[in-house]
1. Taking θ as phi - 60°, what are the ³J(HN,Hα) couplings along region 149-161 by the Karplus curve (6.51, -1.76, 1.60), each to the nearest whole Hz, with x for Gly and Pro?
2. Below 8 Å, C-alpha to C-alpha, sequence gap of six or more: please give me the relative contact order for region 2-381 in percent.
3. Restricting to DSSP H runs of at least four residues, report the calculated mean residue ellipticity at 222 nm for the chain, -39500 (n - 2.57) per run over all residues, nearest 500 deg cm²/dmol.
4. Once you list every other residue whose beta carbon is under 11 Å from the beta carbon of ILE223, what net charge do they have if Lys and Arg are +1 and Asp and Glu are -1?
5. Top mean-square fluctuation among PHE302, PHE59, PHE110, Gaussian network model of the chain, C-alpha springs under 10 Å?
6. Using a ≥ b ≥ c from the Cα gyration tensor of region 301-384 (square roots of the eigenvalues), is it rounded, prolate or oblate, where a/c under 1.5 gives rounded and otherwise the larger of a/b and b/c decides, a/b for prolate?
7. Top mean-square fluctuation among GLY311, GLY365, GLY68, Gaussian network model of the chain, C-alpha springs under 10 Å?
8. Give LYS108/LYS189; LYS108/LYS227; LYS106/LYS189; LYS176/LYS227; LYS43/LYS108 a once-over and call out the pairs whose C-alpha atoms are over 28 Å from each other.
Amino acid sequence: MRMKTKKYMAGFICTISMVLGACSNITPKHESSRNEVIAAIDKVNTYWQTHTPAEQYAFWDVAAYHTGNIEAYRVTGHERYRRYSETWAEHNLWMGAKSNDKANWKYKTFGESDEHVLFGDWQTCFQVYADLYHLNKDDRNIARALEVMDYQINTPNNDYWWWVDGLYMAMPVMPKMYKITGNRQYLEKMYEYYSYTNSIMYDAEAQLYYRDANFIYPEHKSINGKKDFWSRGDGWAFAALARVLTDLPQDAPHRPEYAERLQAMAAALLPIQQPEGYWTRSLLDPAHTPGPETSGTAFFTFGLLWGINNGLLPRDRYLPAAQRGWNYLTKVAMQPDGKLGYVQPMGKQALPDQVLDQNSTANFGVGAFLLAGAEMVRLLDQPQ
């Protein structure tokens, strides 16, 4: 009788423990959530890589995808992700724009030609090459990046980032080059270029960025007469700050300023998130372009999660918004087959007549999703 009682009590205790997630043979909810995030990353990334050859050019849109793919590799360990980026890098000879005529290197206008070596959209790939270099210390992988960026920082010019996208495309390259070379001139020049960008397109009142100097209020307005801040444009800026801070030394002179800007933007983004978890294309005028948009939302979700994970954003205030963003990305934007929908195509503003649907996808949108997913994994890996 006493033995039966002991067996009964042992079973009862184990049952209670299982309910509480404490039995060792039961997967806790924390781990289940992590597995779900990994599954979402793999679903979206597998769809993209299956439908898209790695052998594409090294311009910004493809390179932005690869910045996310590398982060997805870091949290999943899936070697096929790394190999996909390496194949792309090899295809491009570890270069961006390929001109060797330094006297004719350009950057002041948008351009896909090989002469636009100093144009930030051709430098996004250097972020990926630098990350791959740290995985395999082959100097060939980073030689062109060092050649181009060393030339640039030794010019007197500071107006390289004249459109907000440039903050994401080129700004994170600078601390990565510093990590490889130890040359603090990269950090000094980064601040000079960043200060120029702020001087022509940052709105201190709204704590958001215009796309460029042509979109500043009141010369440019939304259809309802409001300031028109383009969601993906501010997503580029917000995500850039997180990526810069990731590689920036703790003792860097301007690190607090970058951190404060990320915090200010987060505070501005919080009240304009839609109840469904997304941000509209024109951030302060949802009626200008109603409905969901994925790329801006993914970058904002990534930045919020990064800020929480790195102690810059209070968890209790910002995690609900990040979770709503992730819920939108996985429950609405991610389609059953893994295609990522509702991504605004290439452009530079919120267009009222532009229709987005579940089939609207793009490489940079997938990259942004992967950044957000990787940061969600890191959140779940932190002790609660």
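1. 6, 5, 4, 5, 6, 9, 9, x, 6, 10, 9, 6, 10
2. In percent, rounded to a whole number, it is 19.
3. Rounded to the nearest 500, it is -17500 deg cm²/dmol.
4. Summing Lys/Arg as +1 and Asp/Glu as -1 gives -1.
5. PHE110
6. Verdict is prolate for region 301-384.
7. It is GLY311.
8. In this structure, LYS176/LYS227; LYS43/LYS108 exceed 28 Å between Cα atoms.
A short reminder: the numbers here are calculations on the coordinates, not readings from a lab. Just so we're clear, the structure is a prediction, and the values are computed from it rather than from any experiment. Glycine gets a Cβ as well: all are built from the backbone with ideal geometry, and neighbour counts include every protein chain shown.
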